[in-house]
Amino acid sequence: MKKKLLTMLLIFCFCKGFSQEISKGGNFYINASRNWNEISTLKEGVTKNDAVINTLKGANYKLKVSAINDSIVYFKFLYFNKNDTLRAALNGINKDKIFNMPISDFESMTDVYYNRVDWRIGVFTVPFKIRLDDFAFTANVNMGSSISAKIRTDRKEANALMIEPLLSIGIAGVELNDENATITEDTPTSLFAFSFSGGVLVHITEEVNMGFFLGMDKLSNTDQSKVNWKHNGNLWMGIGFNVSFSNNKNNASTKNQG
C-alpha cells in the first residue's frame, strides 16, 4: 500500500517567480499603513503639492513607474474614471501628470502590486502515472516543455493562493513487458512516445503546491504496429504534492515583498 501511495506522487519542476523590483513599467500601490511623517517629499514636477499629499493619506491608490533617474522615481497614478476630483489632482487633463520622489521614499511608501496573471514557460516532469484504462501504476518518466498562466487571487500578497492552468508537450519513456505489449525476441524493452498533458497547479503557499493532471502518451504508428502497446493514446492521471522544506531567505532584495 505504501508503494502505491508513493507512486501517486507527482513531482513537477517549474520556473520560479521573483519579486518585482522598482523598474520602468512596474505596478505598485500606496501602503496606507506606512508612517507618512517619514515621507520627506512628494513632488509634482519640482513643486511640493500638499493638496495631493493630503488626498493620498490613508489610501491604497495604484500607480505605475514611468522612469527612474538619479535615484528619483517618476510615476503616474492609474486613471480615475469615476472620480473627477482625483482625476484632476492625480491624472491631469490629458492623463499626463507625472510625480516624482526619492527612491528611498518610494520604497517606504509603496508595495508591489503584482500582476493578476503571469504567463510562464518552463519544464514539466511526471515520473509516475496512473493509467486509467486499467488503473495501473507506471513509472514511465516524461519530460517536456510547458506553458502556463499563474493566476493570483490577491495582487498585494507575494505568496497568495495562486491557480496555475498548465499545458505540456514532450517525450515519455515507455517500458514494455508481457502485460502491456506484444513481446518478441526483437522487441525492445522500452520506446519513446509523444506525451501530451494538461492540468492545474494550486500554489497554496510558497512551500506547498499540489497538482492534478490528465494526459496521454502515443507511440509512432510504426512502433505501435510492432508492439501493440495497450496504453497507446489512453488517458493517464497524475496527482501530487510538492512540499519544500527549505527556508532560505534572499537577502539581496528585501524590499516590496508584499
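Brief remarks follow.
- Full extension of the chain segment joining TRP119 with SER33 gains 27.8 nm, where the gain is 0.36 nm per residue of separation less the Cα-Cα distance.
- Inter-label distance, nm, simple model (7 Å from Cα along the C-beta direction), GLN224/LEU161: 4.0
- Straight-distance crosslink candidates among aspartates and glutamates, where the alpha carbon sits under 14 Å from LYS24 and sequence neighbours closer than 8 are dropped: ASP70
- With the whole protein complex present, SER66 retains an accessible surface near 30 Å², based on a 1.4 Å probe.
- Beyond 31 Å in Cα-Cα separation lie the following of the pairs LYS97/LYS150; LYS150/LYS230; LYS156/LYS218; LYS82/LYS156: LYS97/LYS150; LYS150/LYS230; LYS156/LYS218.
- Inter-probe distance in nm under a simple model that places probes 7 Å from Cα toward Cβ, at PHE192 and ASN94: 5.9
- Those residues of the stretch 94-136 whose amide nitrogen sits under 11 Å from the label point placed on LEU78, 7 Å along Cα→Cβ: 113-116
The values are calculated or read from the model by the stated rules, or taken from the named source; none is laboratory data. Note that the coordinates shown come from a computational prediction; the quantities given were computed from them, not determined experimentally. No Cβ is skipped: glycine too gets one built from the backbone with ideal geometry, and neighbour counts run over all protein chains shown. Just the protein is used for accessible areas: all its heavy atoms, side chains included, with ligands, DNA and RNA removed. Shrake-Rupley method; radii C 1.70, N 1.55, O 1.52, S 1.80 Å.
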